[in-house]
1. Using the structure shown, decide if G142 is open to solvent by less than 50 Å² (accessible area, probe 1.4 Å) and either touching a residue at least 40 places away in the same chain (Cβ under 8 Å) or within 17 Å of the chain's Cα centre (by Cα) (or both).
2. Of everything in the range 107-125 that's among the polar types (S, T, N, Q) and in contact (Cβ under 8 Å) with a residue 12 or more places away in the chain, which residue is surrounded by the most Cβ atoms within 10 Å (Cβ to Cβ)?
3. Please go through the range 52-72 and pick out each residue that is within 15 Å of the chain's Cα centre (by Cα) and either among the charged types (D, E, K, R) or modelled with pLDDT under 90 (or both).
4. State yes or no: is T151 modelled with pLDDT under 80 and either among the small types (G, A, S) or open to solvent by less than 80 Å² (accessible area, probe 1.4 Å) (or both)?
5. Only strands (runs of 3 or more DSSP E) wholly contained in the range 1-84 count here; list those with 2 or more residues that are open to solvent by less than 80 Å² (accessible area, probe 1.4 Å), in contact with a Pro (Cβ under 6 Å, 6 or more places away or on another chain) and aromatic (F, W, Y).
6. If you check every pair at least six apart or on different chains, which have Cβ atoms under 7 Å apart with a residue in the range 46-60 that is on the phi > 0 side of the Ramachandran plot first and a residue that is open to solvent by less than 100 Å² (accessible area, probe 1.4 Å) and part of a loop (DSSP other than H, G, I, E, B) second?
7. Do any residues in the range 1-25 that are over 20 Å from K66 (Cα atoms) have Cβ atoms under 7 Å from those of residues that are assigned to a helix (DSSP H, G or I) and at pLDDT 85 or above, where the two are at least six apart or on different chains, and which pairs are they?
8. Would you check if there is a residue in the range 91-106 being of a type in the set (S, T, N, Q) and open to solvent by 80 Å² or more (accessible area, probe 1.4 Å)?
Amino acid sequence: MDSDDLENSEWIFWNYQDPTNGLVEYVDRDTAFREGLAYITPEGRANMHVDSKTVLTLQEVMSRTKLRKSIRIHSKTLYNQGLFILDVAQAPWGCATWPAYWLTGFNWPGDGEIDIIENVHSVLSNQVAWHTDPGCWLTTPGNFTGTAGSTNW
């Protein structure tokens, strides 16, 4: 795999404002590769990172004149079902990070969301979540490992 594979692959580099109003600037493919936020290792592994070198002032962030650059990719293909595998060598960890691997409906958030990997800041455990319409809830105990933090939120 090389950098051209990501351009011609099944992935779109999202470079729009964060729909959840996070203090982040998602960058396009060319910017990601040029600034070292995305690259392919000699072994062919795709690496993606948040910009951890740029110094930001509180004023810049709060006024949204300068935000932390990061990467958000989306699949070009829509799926009705499937087995989805993500092989993560190292996930981001630390203050102001939010590594996530989500599945959403076409009309997000109305069609729901499954958060397979979602972590915030320095939390040491994963948080799996299903976001659904009102009236839908998780039955416990169930056929899963882990602990249900909430079944009807």
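1. It is false that G142 is open to solvent by less than 50 Å² (accessible area, probe 1.4 Å) and either touching a residue at least 40 places away in the same chain (Cβ under 8 Å) or within 17 Å of the chain's Cα centre (by Cα) (or both).
2. Of the residues in the range 107-125, the ones among the polar types (S, T, N, Q) are 107, 119, 122, 125.
Right, trim to in contact (Cβ under 8 Å) with a residue 12 or more places away in the chain and you get 119, 122.
Values: N119: 18, S122: 10.
Among residues in the range 107-125 that are among the polar types (S, T, N, Q) and in contact (Cβ under 8 Å) with a residue 12 or more places away in the chain, the one surrounded by the most Cβ atoms within 10 Å (Cβ to Cβ) is N119.
3. Listed by number, the residues that qualify are R68, K69, R72.
4. Working: modelled with pLDDT under 80: yes; either among the small types (G, A, S) or open to solvent by less than 80 Å² (accessible area, probe 1.4 Å) (or both): yes.
Yes; evaluated as a whole, the condition is true for this residue.
5. On the way: elements: 11-13, 24-26, 38-40, 46-48, 68-70, 73-75.
Once the strands (runs of 3 or more DSSP E) in the range 1-84 are filtered for at least 2 residues that are open to solvent by less than 80 Å² (accessible area, probe 1.4 Å), in contact with a Pro (Cβ under 6 Å, 6 or more places away or on another chain) and aromatic (F, W, Y), nothing remains.
6. Final answer for the pair search is none.
7. Listed by first residue and then by second, the contacts come to S3/F33; L6/R29; E7/R29.
8. Checked against the condition, which is being of a type in the set (S, T, N, Q) and open to solvent by 80 Å² or more (accessible area, probe 1.4 Å), the range 91-106 yields no hits at all.
The values are calculated or read from the model by the stated rules, or taken from the named source; none is laboratory data. Computed from a predicted structure; not experimentally measured. In this analysis, Cβ positions are derived from the backbone assuming ideal geometry, glycine residues included, and neighbour counts consider all displayed protein chains. We work out accessible area using only protein heavy atoms, side chains counted, and drop any ligands, DNA or RNA first. Shrake-Rupley method; radii C 1.70, N 1.55, O 1.52, S 1.80 Å.
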